[in-house]
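Here is the structure we will look at.
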Amino acid sequence: QKEVEQDPGPLSVPEGAIVSLNCTYSNSAFQYFMWYRQYSRKGPELLMYTYSSGNKEDGRFTAQVDKSSKYISLFIRDSQPSDSATYLCAMNPITGNQFYFGTGTSLTVIP
Amino acid sequence: EPEVTQTPSHQVTQMGQEVILRCVPISNHLYFYWYRQILGQKVEFLVSFYNNEISEKSEIFDDQFSVERPDGSNFTLKIRSTKLEDSAMYFCASSEGTSNTGELFFGEGSRLTVL
C-alpha cells in the first residue's frame, strides 16, 4: 500500500490561473504536512508546512489539510511562469524523522 | 540566507567502488538526513542522524551505507561498494529540531552515476 499518492501530471495552465495540487495518504499517524517546490535537477525547496488539519496561507499559496479524508491540497493563486516546477507533498508522523514524499506534480504555467 | 551545501554536484564511478558524498548542514541545525531520488521516482528517506548517531534508517540503508559527522560541520554518506542501482540524486537535508517542527531544508543534491 502506497503511503502517499500524488497525481504526477503534467499540469499546464495559463498565467493568472488558480492551480490546485493534491495528495492523498493512507497513514492516519501523519501529523505534519509539507509542500516542496523542485526545479529540474535541484533540491526540494520548502514552500509551506502545516500541522494537523486546517488551512494556512502565505502570499499566493494556500495549504489545506483534511485529516478526516486523508487529503491535502496546495492552491496557487495568480499563477506565474516562475511557478513552473514540480511540486512535492511530504508528510510525517508525530514520532519519527522519516518524511514520506509523493511522486510530485509537474506544473507548467504558460505566459 | 543559510543553506545546505553538498559536494560533489556530480560523481561518476565504476561499480564496486567506494563513494563519499559530503554535506555541510545549516549551522544551528541539529538533525541531519540523507534522501535519494532515482530519476523519475519519489524522494526516498535513507537515514536521519542526531547527536552523533543514527536515529532512524530505512530498508534502503543497508550495510553498504554509512554516515558520519567527522568534524562538527560536515556530514557524509559513504557507499562502500556501489551498485548500478545506486545511481540517483542524493540529497542532504537538515532541520533545527525534530521532524515535529515540520521544516526540512534540502541541499541541491549530488548526482551519482554508477557505470
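Just so you know, all these numbers are worked out from the coordinates, no wet-lab data involved. Note that the coordinates shown come from a computational prediction; the quantities given were computed from them, not determined experimentally. Quick reminder, even Gly has a Cβ in these numbers, built from the backbone with ideal geometry, and neighbours come from all protein chains shown.
Taking other C-beta atoms within 10 angstrom as a stand-in for reagent exposure, B:L30, B:L115 fall in the order B:L115, B:L30, fewest first.
Comparing A:D83, A:D58, A:D66 in a Gaussian network model of chain A where C-alpha atoms under 10 Å apart are linked, the largest mean-square fluctuation is found at A:D58. Net charge in the neighbourhood of A:G96 (other residues with Cβ under 13 Å of its Cβ; Lys, Arg +1, Asp, Glu -1) is -1. Here the relative contact order of region B:5-114, from alpha carbon pairs under 8 Å that lie six or more residues apart, stands at 38 percent.
Modelled spin-label separation between A:I94 and B:T113, with each label point placed 7 Å from Cα along the Cα-to-Cβ direction: 4.7 nm. Note on the protein assembly as shown: antiparallel DSSP beta bridges, both residues inside, total approximately 90 percent of the bridges counted. Charge tally around B:N28: other residues with Cβ under 14 Å, Lys/Arg +1 each, Asp/Glu -1 each, net -4. Among beta bridges identified by DSSP and lying wholly in region B:1-114, the antiparallel ones come to about 90 percent. Region B:43-115 and region A:35-111 have Cα centres spaced 22 Å apart.
Using a simple spin-label model with pseudo-atoms 7 Å out from Cα toward Cβ, A:I110 and B:I20 lie 5.1 nm apart.
Would you list B:V12, A:V13, B:V43 from fewest to most Cβ contacts within 10 Å? Walk me through the numbers before you get to the answer.
Working: B:V12 12, A:V13 17, B:V43 25.
Listed from fewest to most nearby Cβ atoms, that is B:V12, A:V13, B:V43.
Backbone phi angles across region A:29-43, fed through the Karplus curve with coefficients 6.51, -1.76 and 1.60 (θ = phi - 60°), yield HN-Hα couplings of 6, 5, 10, 10, 10, 10, 10, 10, 10, 10, 7, 3, 6, 10, x Hz in residue order; Gly and Pro are listed as x.
Computed from label points 7 Å out along Cα-Cβ, the spacing between B:E53 and B:D71 is 2.6 nm.
Within the shell of other residues whose beta carbon sits under 15 angstrom from the beta carbon of B:L39, the net charge comes to +2, with Lys and Arg scored +1 and Asp and Glu -1. Each principal axis of the Cα cloud of region B:5-114 was evaluated for its coordinate range; sorted largest first, these ranges are 37, 30, 25 Å.
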